[in-house]
Amino acid sequence: MKTLILVRHAKSDWPEDTEDFDRPLAEKGLEDAVKMSKFMKDHHIEIQKFVSSPAVRALNTCKIFNQTFNLEITEEQKLYNPTERNFESVIYGLDDNINSVAMFSHNNGISNFANMMSDHIFMFPTCGVAGFQIDTDSWSDFENAKKKLIFFYEPKKI
């Protein structure tokens, strides 16, 4: 059994003359990321590895989570402006020794990917987190494995 956790970056700001890739987190985003990471740790959600879009707002969300979890972070360009196939490509590259991974990414891709795996209709809020149980021993079997939503958390509701 594997666990895939999808995390949309926290609330970002868009200062004048800032490219999309370089957008920083807003104050609310910083607060939400700290709150969500502590909530997940307090609820014993196990994570063994973080994989993040290299965009500033996603990577900084990941780094805030990492202050709570203290894990290895891998940056993955495919998680910036991702398609469903981008997520799958990253998943297929995961080491099978890792049973639980959190991916930090962006909308609309992250919502579309979650909807592809679940009967639930997702529109991730900023710093929203969804966890899926993947019925497989190998990430390479992801596409055909049974997938089940096990949690969905929003900063406003925790």
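The values are calculated or read from the model by the stated rules, or taken from the named source; none is laboratory data. Note that the structure is predicted; figures quoted are calculated from it, not measured. Cβ atoms come from the backbone with ideal geometry, glycine included; neighbour counts cover every protein chain shown. Side chains included, ligands, DNA and RNA excluded: accessible areas come from the protein's heavy atoms. Shrake-Rupley method; radii C 1.70, N 1.55, O 1.52, S 1.80 Å.
Here are a few things to note about the model shown:
- Residues within the range 69-92 that are open to solvent by 40 Å² or more (accessible area, probe 1.4 Å) and either free of Cβ contacts under 8 Å to residues at least 12 places away in the same chain or among the acidic types (D, E) (or both), tallied: 7
- Pick from the range 93-107, criterion of a type in the set (S, T, N, Q), open to solvent by 20 Å² or more (accessible area, probe 1.4 Å) and in contact (Cβ under 8 Å) with a residue 40 or more places away in the chain, ranking: farthest from E72 (Cα to Cα): N107
- Condition check for V129: under 20 Å from K11 (Cβ atoms) and not charged (D, E, K, R): yes
- Note on the range 56-67: residues that are open to solvent by 40 Å² or more (accessible area, probe 1.4 Å) and farther than 14 Å from R23 by Cα amount to 2.
- Summed over the range 1-48, residues that are open to solvent by 100 Å² or more (accessible area, probe 1.4 Å) and of a type in the set (A, V, I, L, M) total 1.
- Restricting the range 121-154 to residues that are assigned to a helix (DSSP H, G or I) and open to solvent by 10 Å² or more (accessible area, probe 1.4 Å), the residue that is farthest from V101 (Cα to Cα): N144
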